[in-house]
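Here's the structure, in structure tokens; my notes come after.
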Amino acid sequence: MSGALPAAGSHFADDWLTLREAVDHRSRAHGLTFFAAEHLRRTAAGRHARVVDLGAGRGSNLRYLAPRLHRPVAWRLLDQDAELLAAAERAMPPDAGESCQLSAEIVDLAAPLAPVLRDADLVTASALIDLVSRGWIDTLAETCAHAGAAVLITLSVDGRIQFSDADVDDAVVRRALARDQARDKGFGLALGAAAPAVLINALARCGYAVATQPSDWQLGRDDAALARALIAGWHSAATSQQPDQAERMAAWAARRVEAVERGRARLCIGHVDVLGLPNPRRR
Ligand SMILES: C[S@@+](CC[C@H](N)C(=O)[O-])C[C@H]1O[C@@H](n2cnc3c(N)ncnc32)[C@H](O)[C@@H]1O
């Protein structure tokens with residue numbers, strides 16, 4: 001999930017993005033990264049590949065991809081949050097050198113995308129598209145197809161939230177959460193967990209060869225800090241949807257945190273990675 005369930009225009013906490021980074025990296029569909037790297041090797045030979053990271057935050061996607069693309073890359077990190085972008089720049093290894101050029105740009109992604117994607121070889125994002133609308137995804141696919149860019153959109157929630165044991169109120173919270181995910185986050189009605197399916201269809205309509213793989217978070221006792229933050233976010237989102245059930249939701253959150261912390265329950269949060277490789281004839 002993209003995270004702290006913000007309202008339109010609000011900001012993601014640096015702490016939350018830091019907390020999730022290791023789990024994000026271990027969960028990703030490494031095979032799709034390999035195919036994206038191969039694509040860049042073929043299509044951007046002899047020059048820096050131009051990679052645009054949408055909603056880059058503090059640079060987690062860059063830190064995952066950079067060592068795996070095995071080639072010089074000119075990165076453009078786009079985000080509306082100047083503080084997160086500054087953290088991304090600070091986190092760049094000082095010895096990255098010429099092989100990793102970086103520009104961080106404050107951009108509102110709800111504005112037209114064509115100017116920022118024009119020259120891209122690869123357009124990527126992580127933990128972003130549950131925030132956006134169907135129209136935004138259609139425009140993304142069309143704009144990327146026009147630019148001839150590959151598309152790698154990762155760590156998108158697909159709605160599965162599974163504890164390894166059952167709690168009587170899991171379903172109540174899940175339903176309230178799904179309603180909350182549809183709130184406008186600055187891009188119109190948010191797709192939430194429907195986003196990956198909408199993206200896959202949009203890319204296919206634009207002639208992309210599309211591959212998907214799960215990138216589920218598997219959380220156990222060792223990930224208790226992340227699980228606690230996640231459950232707290234769900235609790236707050238579900239309560240805002242059903243304020244009359246506040247006590248019930250609070251008791252649910254306390255039970256769920258305790259179960260994970262004590263190792264009695266594991267938690268799987270369904271995520272999907274999607275790779276689209278462009279059809280060169282449609283450029
Ligand atoms: C859940 S965070 C993911 C950050 C990063 N990709 C990661 O995986 O850690 C979503 C990011 O989207 C950015 N964002 C949300 N709405 C935006 C908008 N309208 N324009 C630009 N960035 C936006 C947020 O500032 C945040 O950095």
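No value in this document is a laboratory result; all are computed from the given coordinates. Quick caveat: nothing in here was measured; it's all calculated off a predicted structure. Glycine gets a Cβ as well: all are built from the backbone with ideal geometry, and neighbour counts include every protein chain shown.
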With a ≥ b ≥ c from the Cα gyration tensor eigenvalues, square-rooted, and the rule rounded for a/c under 1.5, otherwise prolate when a/b > b/c and oblate otherwise, the stretch 224-280 is oblate
Dividing the mean separation of Cα pairs under 8 Å (6+ apart) by the residue count of the chain yields a relative contact order in percent of 23
Tilt, helix 14-27 to longest principal axis of the chain (alpha-carbon atoms), in degrees rounded to tens, equals 70
Helix 60-69: inclination vs the chain longest Cα principal axis, degrees, rounded to 10, gives 40
Ranking Gln242, Leu267, Pro280 by how far each Cα lies towards the positive end of the charge dipole of the stretch 215-283 (+1 on Lys and Arg Cβ, -1 on Asp and Glu Cβ), the top one is Pro280
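Length gain on complete extension for the stretch Glu98 to Gln162, per 0.36 nm per residue less the alpha carbon to alpha carbon distance?
Details: separation 64, 0.36 × 64 = 23.04 nm, distance 4.40 nm.
Contour length minus the Cα-Cα distance gives 18.6 nm.
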Expected unfolding gain across Ala246-Asp170 under the 0.36 nm per residue rule, minus the alpha-carbon gap, is 25.9 nm
Residues other than His235 with Cβ under 12 Å of its Cβ, Lys/Arg counted +1 and Asp/Glu -1, net out at +1
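If you take the square roots of the eigenvalues of the alpha-carbon gyration tensor of the chain and sort them as a ≥ b ≥ c, do you get rounded (a/c under 1.5), prolate (a/b over b/c) or oblate? Display every interim value, and only then the final one.
Values: a/c = 1.89, a/b = 1.65, b/c = 1.14.
Judged from the Cα gyration tensor, the chain comes out prolate (a/c at least 1.5, a/b above b/c).
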Inter-part gap, Cα centre of the stretch 69-130 to Cα centre of the stretch 132-157, in whole angstrom, is 15
Taking a ≥ b ≥ c as the square roots of the eigenvalues of the Cα gyration tensor, with a/c under 1.5 meaning rounded and otherwise prolate when a/b exceeds b/c and oblate if not, the stretch 18-90 is oblate
The summed charge of the Leu122 Cβ neighbourhood (under 13 Å; Lys/Arg +1, Asp/Glu -1) stands at +2
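From the helices alone, meaning DSSP H stretches of at least four residues, give me the mean residue ellipticity at 222 nm for the chain, per-run term -39500 (n - 2.57), in deg cm²/dmol to the nearest 500.
On the way: 10 runs with 122 residues, N = 283.
About -13500 deg cm²/dmol.
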Sorted by chain and number, the residues with a modelled amide H under 5 Å from that of Ala209, at a separation of 5 or more or across chains, are Leu277, Asn279
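Count the DSSP beta bridges whose two residues both fall in the chain, then state the antiparallel fraction as a percent rounded to the nearest 5.
Values: 17 of 39 bridges.
Of all bridge pairs located within the chain, approximately 45 percent are antiparallel.
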Highest GNM mean-square fluctuation among Ser103, Ser27, Ser156, for the chain with Cα springs under 10 Å, belongs to Ser103
